[in-house]
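See below for the structure under consideration.
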Amino acid sequence: MIDLYYAPTPNGWKISIMLEECGLPYKVVPMQLGRGDQHQPEFLKLSPNGRMPAIVDHAPIGGGAPLSVFESGTILIYLAEKSGQLMPTETRERFEVMQWLMWQMAGLGPMLGQNGHFLLYAPEKIPYAIDRYSREAKRLYGVLDQRLADRDYIAGDYSIADIACFPWIMTHKAQGLTLDDYPNIKRWYAALRARPMLQAGLALGKEDKKPMDEQARKLLFGVDKPAHADAQAQSAQQQ
């Protein structure tokens with residue numbers, strides 16, 4: 001049995017999708033990020049960076065004591081090795097998958113995260129940041145669209161590379177992007193979206209999502225509203 005420390009976010013969905021696709025038994029440990037579960041000492045023992053997801057495998061590869069793993073890309077690799085699925089064993093094919101997984105971890109996820117933050121959550125609109133990350137999001141979408149121009153999946157057969165990228169592409173509307181501008185991604189996205197196990201992974205904990213309040217914003221982003229925000233609010237109330 002695998003314990004999955006999880007909240008329904010793109011990085012969380014990577015692992016819930018993977019577990020469903022592989023058919024591995026797991027138990028969800030729900031995390032309320034807006035109340036700071038990720039900062040609790042017991043979770044920090046599993047994930048020192050204070051970021052979800054994390055897993056604890058009670059029957060780990062090679063046996064022995066329960067094994068904890070953090071960082072979504074590492075968890076995907078671990079689960080692929082444990083299940084013998086969604087990761088090639090031949091060197092060339094394996095590293096084809098690995099390099100696109102690393103591309104997602106180092107580029108697509110972080111840059112879309114920043115784009116979404118400055119578009120949706122930043123307490124004040126900063127045109128330079130919005131423009132910078134919007135352009136980078138579009139560039140990365142272009143890279144992926146070109147990659148999918150002559151293939152059904154990102155790296156050979158359906159793999160952890162596709163699972164890693166899909167949840168971030170799923171946020172395209174919130175990112176201010178349309179898949180109509182990226183026809184190869186649009187085709188790939190529709191094919192993956194139709195997979196029953198992927199749908200099951202996405203549905204996990206959907207009912208637990210809560211709107212973000214100011215306390216949640218502070219816990220998630222480590223910042224309060226700008227100093228002038230309260231003054232603006234008071235001024236608006238007086239008008």
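Looking at this structure, is residue 147 crowded, with 17+ Cβ neighbours inside 10 Å, of a type in the set (Lys, Arg), over 23 Å from residue 53 (Cβ atoms) and out of contact with any strand residue (DSSP E or B) (no Cβ under 6 Å at 6 or more places or on another chain)?
yes
Which one is surrounded by the fewest Cβ atoms within 10 Å (Cβ to Cβ), of the residues in the range 188-205 that are within 17 Å of the chain's Cα centre (by Cα) and assigned to a loop (DSSP other than H, G, I, E, B)?
205
Scan the range 196-216 and report the pairs whose first residue is acidic (Asp, Glu) and whose second residue is surrounded by 10 or more Cβ atoms within 10 Å (Cβ to Cβ) and modelled with pLDDT of 85 or more, with Cβ atoms within less than 8 Å and a gap of 6+ or a chain change.
208/7; 208/8; 208/30; 208/32; 213/34
In the set 83, 72, 16, which member is touching a residue at least 40 places away in the same chain (Cβ under 8 Å), within 16 Å of the chain's Cα centre (by Cα) and over 17 Å from residue 200 (Cα atoms)?
None of the others qualify; the one that does is 72.
Which one of these does residue 206 not meet: (1) modelled with pLDDT of 95 or more; (2) closer than 27 Å to residue 53 by Cα; (3) out of contact with any helix residue (DSSP H, G or I) (no Cβ under 9 Å at 6 or more places or on another chain)?
Only one criterion is unmet by residue 206, namely (1).
Filter the range 53-69 for residues that are open to solvent by 20 Å² or more (accessible area, probe 1.4 Å) and assigned to a loop (DSSP other than H, G, I, E, B) and give the result.
Passing the criteria: 58, 59, 61, 62, 63, 64, 65, 66.
Can you find even one residue in the range 19-29 that is open to solvent by 20 Å² or more (accessible area, probe 1.4 Å), modelled with pLDDT of 95 or more and more than 25 Å from residue 192 (Cα to Cα)?
Yes, the range 19-29 contains a residue that is open to solvent by 20 Å² or more (accessible area, probe 1.4 Å), modelled with pLDDT of 95 or more and more than 25 Å from residue 192 (Cα to Cα).
Which condition breaks for residue 129 when tested against (1) touching a His at 6+ places or on another chain (Cβ under 9 Å); (2) in contact (Cβ under 8 Å) with a residue 40 or more places away in the chain?
Just one mismatch for residue 129, condition (2).
Please specify each residue of the range 143-187 satisfying the condition of being of a type in the set (Gly, Ala, Ser) and more than 17 Å from the chain's Cα centre (by Cα).
149, 155, 156, 176
The values are calculated or read from the model by the stated rules, or taken from the named source; none is laboratory data. On a predicted model such as this, the values are computed, not experimentally measured, just so you know. With ideal geometry, Cβ positions are generated from the backbone for all residues, glycine too; neighbour counts draw on all protein chains shown. These accessible areas exclude ligands, DNA and RNA; they are computed on the full protein's heavy atoms, side chains included. Shrake-Rupley method; radii C 1.70, N 1.55, O 1.52, S 1.80 Å.
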